[in-house]
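A.B. asks: I am attaching a structure below and will ask some questions about it afterwards.
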Amino acid sequence: MVLSFLYIGPGMGVGTLILVLLISAIVLLAVGYSIWARIKRIFKK
């Protein structure tokens, strides 16, 4: 009976995976943009 509450189903697993990948992509894009902006500023001078 208790174990049935622990099962979240395949839909939650896929949704969680997509959410984690989306957050990771946003973080990587933010870091990449920060580095790109610094390099651009250095070469502008």
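Each reported figure results from applying straightforward, stated rules to the coordinates on display, with no laboratory input. In this text the structure is predicted, and so the values were computed from the model without any measurement. Cβ atoms come from the backbone with ideal geometry, glycine included; neighbour counts cover every protein chain shown.
A.B. asks: Highest mean first, what order results for 34-45, 14-25 on Cβ atoms within 10 Å? Could you put the intermediate results ahead of the total?
C.D. replies: Working: 34-45: 8.6, 14-25: 10.2.
Answer by packing, highest mean first, reads 14-25, 34-45.
A.B. asks: When the Karplus curve 6.51 cos²θ - 1.76 cosθ + 1.60 is applied with θ = phi - 60°, which whole-Hz ³J(HN,Hα) does each residue of the stretch 17-27 get, with x for Gly and Pro?
C.D. replies: Result, ordered by residue: 4, 5, 5, 5, 5, 5, 5, 4, 5, 5, 5 Hz.
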